Each structure stands twice: as structure tokens, then as C-alpha cells.
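The values are calculated or read from the model by the stated rules, or taken from the named source; none is laboratory data. Just so it is clear, the structure is predicted and the values come from calculations on it, not from any experiment. Glycine gets a Cβ as well: all are built from the backbone with ideal geometry, and neighbour counts include every protein chain shown. These area figures cover heavy atoms from the full protein model, side chains too; ligands, DNA and RNA do not enter into them. Shrake-Rupley method; radii C 1.70, N 1.55, O 1.52, S 1.80 Å.
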Amino acid sequence: MKRLVSDIYNCNVIQLPRIHNVAGNITIVQNGGQHPFDVRRVYYLYDVPGGSERGGHAHKNLEQLIIAASGCFDVMIDDGNNKKVVELNRPYFALHVKPGIWREIFNFSSGAICLVLASEKYDPEDYIRDYSTFLRYKDECRKGQ
Ligand code: TYD
């Protein structure tokens, strides 16, 4: 399989559809809709202690949409050359994290819920959990271009 050489400039915040209602709003995510991949897994982080940090890792193939379903937090994305921090603070914004991007999530507000829509089922082999391994992986990807 050809490895994707993603960079942080391919990782955008997309706005999900909203239905307004005085009794509460609805946001919809539906396969075949406007989001960039079909969703095979959903997970969410909650009860995150203030000041803690989650998700210092990258994926080789997995794509993700990260959503602050409640509260807010920051996501740092890093392609090995450049980094940026994206604040997620509304449930209708989703950060699209492409494969081959190191990401960390931090600055959770109290009661925040981080909803992750993922393109693949859980596969521990798809993770890169060590930052220097990640940098080597990115070098190999670039050389394979
Ligand atoms: P992990 O992805 O390492 O979370 P973080 O990087 O944010 O700390 O997941 C934590 C644990 O949960 C790890 O033991 C694997 C397990 N896990 C699953 O079994 N299935 C899943 O879909 C996810 C996301 C995690």
C-alpha cells in the first residue's frame, strides 16, 4: 500500500450540518454525506481530569474526525515538519486528522466530551506511539514518494 504523505495543511476543520431548534440543535453525520470518509468506529473521551493530555500518537492508515461534543479542548497536530494547535469548542466543528499525523489533545474544559469518528475499526498495529519512530516513519514516507 502506498503510504500517504499527509501534512498539517491537509487537516482542516470542517463544519457539520446543523438543524436549529429553540428546544436544542441537532448535528448530523451520515455516511455518504459531506464528510471525507465512511465511519466504521465511534469512540469518545469523557471524565478527563483537568490538565491531563491524551492521544500522543499517530496512525498509519486511520482517518479521524475529532469533535468537541461538549465543552472544549485543544488538538495539536504535527506532520514532523510543522505543528499547529486547533481549538475545538463547538459541536458542529470537526477537525479532520489524516493518516500520518502526530496528535495530542489537551486543555480539556470541565465536563468536555471528545467525540472521535474513525475510518477503521480498532487496530493496535496501526498506532505509532513513539515520537522518534513517527519522525522516522515520516522520512520513509517522503522517500517513498
Ligand atoms: P488510546 O488510543 O491509547 O488512547 P489515548 O492515546 O487517548 O490515551 O486508547 C486507550 C486504551 O483504550 C488502549 O488500551 C486501547 C483501548 N482502545 C480500544 O480498545 N479500542 C479503541 O477503539 C480505542 C480508541 C482504544
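Annotations
- A single entry from Asn31, Asn61 fulfils the requirement of being within 16 Å of Ala118 (Cβ to Cβ), within 16 Å of the ligand (Cβ to nearest atom), in a loop (DSSP other than H, G, I, E, B) and not hydrophobic (A, V, I, L, M, F, W, C): Asn61.
- Inside segment 121-136, residues that are within 11 Å of the ligand (Cβ to nearest atom) and either within 15 Å of Ser52 (Cβ to Cβ) or among the hydroxyl-bearing types (Ser, Thr, Tyr) (or both) make up a count of 2.
- Among residues of segment 57-69, those that are touching a helix residue (DSSP H, G or I) at 6+ places or on another chain (Cβ under 9 Å), open to solvent by 30 Å² or more (accessible area, probe 1.4 Å) and not basic (Lys, Arg), counted: 1
- Residues satisfying the stated conditions in segment 70-96, i.e. within 15 Å of the ligand (Cβ to nearest atom) and either of a type in the set (Val, Ile, Thr) or surrounded by fewer than 22 Cβ atoms within 10 Å (Cβ to Cβ) (or both): Asp74, Val75, Met76, Ile77, Asp78, Leu95
- Applying the criterion of being open to solvent by 80 Å² or more (accessible area, probe 1.4 Å) and assigned to a loop (DSSP other than H, G, I, E, B) to the residues of segment 121-137, the residue that is farthest from Ile67 (Cα to Cα) is Arg129.
- When residues of segment 97-116 are limited to those that are more than 30 Å from Arg142 (Cα to Cα) and part of a strand (DSSP E or B), the one farthest from the ligand (Cβ to nearest atom): Ile113
- Picking from residues in segment 13-26 that are under 28 Å from Asp78 (Cα atoms) and surrounded by 13 or more Cβ atoms within 10 Å (Cβ to Cβ), the one that is farthest from the chain's Cα centre (by Cα) is Pro17.
- Residues located in segment 34-50, provided they are within 16 Å of the ligand (Cβ to nearest atom), outside any strand (DSSP E or B) and open to solvent by 80 Å² or more (accessible area, probe 1.4 Å): Arg40, Tyr46, Asp47, Pro49
- Residues in segment 110-120 that are small (Gly, Ala, Ser), closer than 21 Å to Glu53 by Cα and surrounded by 15 or more Cβ atoms within 10 Å (Cβ to Cβ): Ala112, Ala118.
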